[in-house]
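Beneath this line is the structure, given in structure tokens, with notes to follow.
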Amino acid sequence: MAQMTIQNKGSDTIVNLALAWAERYQTVRPEVSIAVTGGGSGTGIASIINGTVDIANASRAIKPEEIQAAHAAGIEPTEFVIARDAIAIIVHPSNPVDTLTLQQLSDIYSGKVRNWQEVGGEDRPIVALSRETNSGTHVYFLEAVVRLGDSDDRTLFSPDVLLLPSSEGIGAEVRQNPNAIGYDGLGYVTNDMKTVAVGLSPGGPFWEPSASTVNAEEYPISRDLYMYTAGQPTGTIKEYLDWILQPEAQRIVRDLGFVPISE
Amino acid sequence: MAHSDQPLSPTPQLSAAPGSGKRGTLAETLISRAIQVTGISTVVLVLLIFVFLIREGLPAFVQVPLADLLSARWYPIEDYFGLLPLIAGSLIITVGAAVIALPLGVATAIFIAEIVPDWVRDILKPMVEILAGIPSVVIGFVGMLVIVPLFRVAFDTPTGLTAFTGIVLLAWMALPTVVSVVEDVLDTVPRTYRDAGLALGMTRWQTIAKIVVPAGKSGILTALMLGVGRAIGETMTVMMVTGNAPRIPSGPLDIFRPARTMTATIAAEMGEVAQGSTHYHVLFAVGLTLFVITFAINLAAAAVVFRRTKRAERMLS
């Protein structure tokens, strides 16, 4: 049987997940090779419209103007939710703060709130930890939390926010420093740190991050991750997308710190 | 070096053989050619790196106005390319590390070379060399898990991820370099100098402080240069322990606050940056700045060493 190649391009957030899937799929269907590249969600969707790739990865839903452009090119983009991404807010286990609103988180990370007392905690300075700017998680946190989802908002992270190169760096600091607050993909949270329940308004309700609150679309800092194809997929591409939704592939989702779409 | 007048040094004899070319065997010619090629290639490589840095870095100065490059905000994903916090971070951490490592290193070297008996020296020297061999990521890891929590409590700062933590770890890493270089230099100070000092009725301490150390001054400067080079170029350790917050320090006590260095910035951001983008060119401009700073330091140190050598030679003649 001839070698077949699936071109897969898009979101940098998903690129590691897509690579892990592609590698595992080699053991399932050795005759199918999958070429994965990053470049961003917009790049991936543009490539679907241009017809240069088979599957586009996107960490956001396709925009109405992109659908229009696709229609103009005679393509009907088909959407698949392939995983979910939830960001947990983590603090030291001794920190008495149990809940924070998105507004409070935005104020902490933009430097308006600098003491835990101002958000119902002890009289301690806040040490805000973030992933480096090259991380997809950083960009998502900037858009969804610091800017509260408002695309016209130009608020930036405070220069005092610590930028750590790895999840391990954030974990190590949160575990030992009662002043620290950090964020990371839900899959990276361990038992020796405390997660904060997040709400939209001071009166509540507040939701703990978990696979169930994420899949019920209650937890506020979570998003769906997508793959798009041009029209209904057929043949090899359809088989691959079907396999992605199987438990074997969804286990990889959990290993990489994302939330599987079903338990 | 400054000690060309040493009668016992074997180096001049060895290098004299291939120099007298004509009578050399084929093997000698080959070896001398090979050495020539390695020597020249070092210079060529440095030049090529410089050319590459200029080629990739210069577009940044065209694409980003100079006023923006000299601003105080570094947030490249939104096109804020202010280099000042990065330069400030690198300078504070490098100078701090040198200030700690140089006196400690010189003192350790004097102790090993001049004071302890031979058998202690035989234990201490290899231990210093082992210290030099510890990979920086291991030091960073120890720093992150042990030193960072310790410093947060000891200095009562909001976090242990501070410039000072980086300074201490870098000083620790630069120390073996300083000790080895200074120790080697003290070794080359002729026995007769010490004997002369002692014969004049000087104490051992006076001999060390007034004769041996001044005679090895050029070597101490070389050690400083190498130590600074090690500190300013170090990446992994500082990235792991300094918190990487691109803030401009507002006072001397800010060494107990986080800082972001140029090297950590390049390492953290280069992997994900789109090739040919403004951000990409700015990162090369950061590398170019780093290169120019190290080059200037080396040049300054070389100039000082050169001048000192000539004066020392004048005094001896």
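Only residues that are aliphatic (A, V, I, L, M), out of contact with any Leu (no Cβ under 8 Å at 6 or more places or on another chain) and assigned to a helix (DSSP H, G or I) were counted across region B:253-281, and they come to 4. Each residue in region A:29-41 was checked for being under 18 Å from residue A:80 (Cβ atoms) and either modelled with pLDDT under 85 or in a helix (DSSP H, G or I) (or both), and 1 of them qualify. Whether any residue in region B:94-103 is within 13 Å of chain A (Cβ to nearest Cβ), touching a residue at least 24 places away in the same chain (Cβ under 8 Å) and closer than 16 Å to residue B:244 by Cα is what I want to check. Checked region B:94-103: no residue is within 13 Å of chain A (Cβ to nearest Cβ), touching a residue at least 24 places away in the same chain (Cβ under 8 Å) and closer than 16 Å to residue B:244 by Cα. Taking the numbered list (1) buried (at least 17 other Cβ atoms within 10 Å of the Cβ); (2) at pLDDT 90 or above; (3) in contact with a strand residue (DSSP E or B) (Cβ under 8 Å, 6 or more places away or on another chain) in turn, residue A:123 passes all entries but (1).
Can you say whether residue B:250 is outside any helix (DSSP H, G or I) and modelled with pLDDT of 85 or more, as far as the supplied structure shows? Yes: the conditions hold for residue B:250.
Scanning region A:133-181 for residues that are closer than 25 Å to residue B:237 by Cβ, at pLDDT 85 or above and of a type in the set (Asp, Glu) turns up A:160, A:173.
With the requirement that a residue be within 19 Å of residue B:148 (Cα to Cα) and within 14 Å of chain A (Cβ to nearest Cβ), what does region B:254-288 give you? Correct list: B:254, B:256, B:257, B:258, B:259, B:260, B:261, B:264.
Total residues in region A:87-144 satisfying the condition of being under 24 Å from residue A:15 (Cβ atoms), facing chain B (nearest Cβ under 10 Å) and touching a Lys or Arg at 6+ places or on another chain (Cβ under 8 Å): the figure is 1. For residue B:140, the requirement of being within 26 Å of the chain's Cα centre (by Cα) and part of a loop (DSSP other than H, G, I, E, B) is not met. Listed by first and then second residue, the pairs with beta-carbon distance under 6 Å, at least 6 apart or on different chains, first residue in region A:230-248 and over 20 Å from residue A:17 (Cβ atoms), second in a loop (DSSP other than H, G, I, E, B), are A:230/A:75; A:231/A:76. For residues that are within 14 Å of chain A (Cβ to nearest Cβ) and of a type in the set (Gly, Ala, Ser), scanning just region B:156-191, find the one that is farthest from residue B:221 (Cα to Cα). Step by step, filter region B:156-191, then rank; the result is B:160. Go through (1) in a helix (DSSP H, G or I); (2) of a type in the set (D, E, K, R); (3) over 25 Å from residue B:213 (Cβ atoms) for residue B:121 and report which single condition fails. Result: residue B:121 passes all but (3). Reported count of residues in region A:148-187, each being under 16 Å from residue A:87 (Cα atoms), within 11 Å of chain B (Cβ to nearest Cβ) and surrounded by fewer than 20 Cβ atoms within 10 Å (Cβ to Cβ), is 2.
Just to be sure before I move on: is residue B:54 surrounded by 13 or more Cβ atoms within 10 Å (Cβ to Cβ) and out of contact with any Ser or Thr (no Cβ under 8 Å at 6 or more places or on another chain) in the structure I sent? When the stated conditions are applied, residue B:54 passes them. How many residues are in a helix (DSSP H, G or I) and of a type in the set (Phe, Trp, Tyr) when one looks only at region A:64-117? Count: 2.
With respect to residue A:94, determine if the residue is touching a residue at least 12 places away in the same chain (Cβ under 8 Å), among the polar types (S, T, N, Q) and surrounded by fewer than 20 Cβ atoms within 10 Å (Cβ to Cβ). Judged against the criteria, residue A:94 is a match.
Does region A:196-210 contain at least one residue that is polar (S, T, N, Q) and touching a strand residue (DSSP E or B) at 6+ places or on another chain (Cβ under 8 Å)? Within region A:196-210, one or more residues are polar (S, T, N, Q) and touching a strand residue (DSSP E or B) at 6+ places or on another chain (Cβ under 8 Å).
At least 1 residues being free of Cβ contacts under 8 Å to residues at least 12 places away in the same chain and over 24 Å from residue A:260 (Cβ atoms) is the threshold, and among the helices (runs of 4 or more DSSP H) wholly inside region A:118-215 those reaching it are A:167-176.
The values are calculated or read from the model by the stated rules, or taken from the named source; none is laboratory data. Since the model is a prediction, treat every value here as computed from it, not as a measurement. Virtual Cβ from ideal backbone geometry, glycine too; neighbours counted across all protein chains shown.
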